[in-house]
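Accompanying notes for the structure given below.
The values are calculated or read from the model by the stated rules, or taken from the named source; none is laboratory data. Quantities reported herein were computed from a predicted structural model and do not represent experimental measurements. We place every Cβ from the backbone using ideal geometry, glycine too, and count neighbours over all the protein chains shown.
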Amino acid sequence: MSPFFRFLVLSACGVLSAQSALGAQLRIATFDVDATPPTGSQLMYDPFKAVGELGLRSRGVVITGVGEPVVLCSVDWIGIANAGHDEFRDALAAAAGTTRSRVSVHVIHQHDAVVFDTDTERVLKQRHLPPGAYDAAWGRPTIARTAAALASAMTNTLPFNQVGWGRAEVKQVASNRRIPGPDGKIKVVRYTATVDPALRAEPEGVIDPYVTLVSFWDNSRPIAVLSYYACHPQSYYRTGIANPDFPGIARFLRDQALPGVRHIHFNGAGGNLGAGKYNDGAVTNRAVLAGRLADGMARAWEVTRRTNVRAEDMKWTVEPVLIPVGPQLDRDKIEARLKTPALYTVAPMLAWMDRRQAGTPIEVSCLQLGNTRILNLPGELFVEYQLSAQKLRPDVNVAMASYADYGPAYIGTAVAYTEGGYETSADATYVGRGSEAILMDAIRKLLSIQ
């Protein structure tokens, strides 16, 4: 452990010891730092030219009161994967004086942003190939800043005794990307910017139309708000300008509407969703989509209902899952493709295969606060997982954040792997149809369904 992180651990442990002497009490703190890469770095798809007006953020909450602290973090990056996901969580765990298993790190998945995957970096360097966007040196300063901010937040936690829950429909943002033909197979994918008016005229399809807010209160004083909405977060991209796209603008608007209340946004299970029905790629649509999402957030805030919570009402549960490599991945064929310009899209496949061969699980988790459950899931999960989780426990409030460990890429439903379409192709998903049974079993356990 570096001297920097050793200092963070000792500082955090001292704070926790002081808190435990006061008795069990739920407390929370927020943290927020710049997540923009340094000059000269590489965004996922293009060289980094400049910072957008809002830039990228890494922000989250730390909750103390029962066991070791719990950390939820959301980053304006396209993906954090495999050993890189472990590294990010380890740094935050050290800063909070907790363990990796009690830290959940997610991305919102903006495309003019950074990817952090040290296993893919290793795959490329072992083959004497330049790491390109997978150069971990460009992401580590953000990890260090986030950890330092978290350690500082640990010295200034605030008590909370209520959790709020609010939901509202977001109108004309999300639509299903997968357009079926008369035979039930996917005839075309409606991407997040769709120029063809005939494709935009297709039905909205299966979505979760609601944005969900989970808020933390000290009596009548709001402290922090977590928002959850399932949709690919692109309006347009490939600009080389690091920006948080329309969810980041909506988050900013809500920060301004509630001064002093930190707003942290998470992408739900939006792997097969995008704004394509309502977005032809015009640059003016970024503000339009942001306004619609912010409007939904505002209405969800207006209908928020609060319930009292005590320390004994908090529970953190983890289920390790082993999702096998999809049968569509062939190591020899992938190795051959590394010699082509496609190397940066296929190298992560080898990273995923190496991690599965080593038997390293992905941790799926759930934070329970009274009658509220927050599920934390990996990859680009299809919205059906989110809808199924809600149906499993209609008696409680269920929110879902996807895009945690980005290693498996797209994770479709079992039937989706028989339908075709981009999301379940060999270039997009590194798992197979058996993923649904594994993940739904974990979700049932996390929601305490026997």
- residue 345 vs (1) polar (S, T, N, Q); (2) in contact with a Ser or Thr (Cβ under 8 Å, 6 or more places away or on another chain); (3) farther than 30 Å from residue 309 by Cα: all pass except (2)
- Task: Only residues that are under 24 Å from the mean Cα position of the chain (by Cα) and of a type in the set (A, V, I, L, M, F, W, C): list them for segment 333-362, please.
- Result: 346, 347, 349, 350, 351, 352, 353, 362
- Task: Name the single residue, out of those in segment 44-66 being more than 21 Å from the chain's Cα centre (by Cα) and among the hydrophobic types (A, V, I, L, M, F, W, C), that is surrounded by the most Cβ atoms within 10 Å (Cβ to Cβ).
- Result: 48
- Message: Can you say whether residue 203 is over 28 Å from residue 112 (Cα atoms) and in a loop (DSSP other than H, G, I, E, B), as far as the supplied structure shows?
- Response: yes
- Query: within 22 Å of residue 441 (Cβ to Cβ) and crowded, with 22+ Cβ neighbours inside 10 Å: does that describe residue 377?
  - Reply: yes
- Query: Hey, among the residues in segment 1-45 that are within 27 Å of residue 244 (Cβ to Cβ), polar (S, T, N, Q) and not in a loop (DSSP other than H, G, I, E, B), which one's modelled with the highest pLDDT?
  - Reply: 30
- Please work out which residue is surrounded by the most Cβ atoms within 10 Å (Cβ to Cβ), limiting yourself to segment 277-306 and to residues that are in contact with a strand residue (DSSP E or B) (Cβ under 6 Å, 6 or more places away or on another chain) and of a type in the set (Gly, Ala, Ser). 300
- Which helices (runs of 4 or more DSSP H) does segment 88-200 wholly contain that include 3 or more residues that are buried (at least 20 other Cβ atoms within 10 Å of the Cβ) and among the small types (Gly, Ala, Ser)? 140-153
- Message: For segment 307-338: of the residues being basic (Lys, Arg) and closer than 24 Å to residue 70 by Cβ, which is surrounded by the fewest Cβ atoms within 10 Å (Cβ to Cβ)?
- Response: 310
- Message: Considering only residues that are out of contact with any Phe, Trp or Tyr (no Cβ under 8 Å at 6 or more places or on another chain) and in a loop (DSSP other than H, G, I, E, B), which ones fall in segment 313-344?
- Response: 322, 323, 324, 327, 328, 330, 338, 339, 340, 341, 342
- Query: What do you reckon, is residue 322 modelled with pLDDT under 95 and not assigned by TED's automatic domain parsing to the domain that holds residue 102?
  - Reply: no
- Message: Quick check on this structure: which one of 141, 180, 197, 203 is outside the structural domain of residue 219 (by TED's automatic domain parsing), over 19 Å from the mean Cα position of the chain (by Cα) and not charged (D, E, K, R)?
- Response: 141
- Determine, yes or no, whether residue 392 is crowded, with 24+ Cβ neighbours inside 10 Å, within 30 Å of residue 305 (Cβ to Cβ) and not assigned by TED's automatic domain parsing to the domain that holds residue 269. no
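Let's see how each residue does on (1) within 26 Å of residue 367 (Cα to Cα); (2) hydrophobic (A, V, I, L, M, F, W, C):
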site	(1), (2)
173	no, yes
179	no, yes
183	no, no
190	no, no
197	no, no
211	yes, yes
217	yes, yes
223	yes, yes
- May I ask you to say which residue of 235, 227 is crowded, with 22+ Cβ neighbours inside 10 Å, among the polar types (S, T, N, Q) and not in a loop (DSSP other than H, G, I, E, B)? 227
- Message: If I go through segment 46-83 residue by residue, how many of them are under 18 Å from residue 116 (Cβ atoms), among the small types (Gly, Ala, Ser) and not in a loop (DSSP other than H, G, I, E, B)?
- Response: 5
